[in-house]
Amino acid sequence: MAGLRLHVPTGEVSLAASTAKTVFTLTAPSNHRVLIRGIEIFFKGTSSTDTPVKIEISRITTDGGTASTPTVAKNDENSGEAPLSTVKSAYTVEPSTFGANMKTWEIQPQTGLINWFPPGEEIVIKGGNEIGIRMTASQAETVSCNVYYEE
């Protein structure tokens, strides 16, 4: 790792009721590890009676999905290195195979989640591997995420 710190906002993503949706994926470049340092997830819910949204961070073994490509930004804009990872958001066709689930949260959709992983406890993505953030809501919701990582 070269110590290149990056972040990527997904923009707003619509969740359909009772349907799992992949909101974000990150694929590490070949032979190059990536650390997920933190995530921020915010909902636009307005009802206090809405059911919590299930948020999962999982390894993806086969992508094959269709998604948009959000813009990756450097935390230090003067850094000369170019980002090498591949990021996708707002899948319209879901990845075909999810592997091990690494983290799960249930969050009330009037709120959000800010989670920074302690040093040494970051999520490590081995070279060429992929992780995804998938959400399931009982009712239609809108969400936006920011993912902070290091190459």
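The values are calculated or read from the model by the stated rules, or taken from the named source; none is laboratory data. These numbers were taken from a predicted model, which means no experiment stands behind them. Positions of Cβ are generated from backbone atoms using ideal geometry, with glycine treated the same way; all protein chains shown enter the neighbour counts.
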Next item on the list: For the stretch 63-72, name all the residues that are exposed (fewer than 13 other Cβ atoms within 10 Å of the Cβ), part of a loop (DSSP other than H, G, I, E, B) and modelled with pLDDT under 90.
Entry: G64
Next item on the list: Could you tell me which of the residues E81, E106 is farther than 19 Å from E12 by Cβ, in contact with a strand residue (DSSP E or B) (Cβ under 9 Å, 6 or more places away or on another chain), acidic (D, E) and assigned to a strand (DSSP E or B)?
Entry: E106
Next item on the list: For N31, work out the one condition from (1) touching a strand residue (DSSP E or B) at 6+ places or on another chain (Cβ under 8 Å); (2) closer than 21 Å to K126 by Cα it doesn't fulfil.
Entry: (1)
Note to self: Tell me yes or no: at least one residue of the stretch 140-148 is surrounded by fewer than 17 Cβ atoms within 10 Å (Cβ to Cβ), at pLDDT 95 or above and not in a strand (DSSP E or B).
What the structure shows: yes
Next item on the list: Quickly run through the stretch 84-103 and pick out the residues that are without any contact (Cβ under 8 Å) to a residue 60 or more places away in the chain, small (G, A, S) and assigned to a strand (DSSP E or B).
Entry: G99, A100
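Could you grab me the full set of residues in the stretch 121-139 that are part of a strand (DSSP E or B) and of a type in the set (K, R)?
R134
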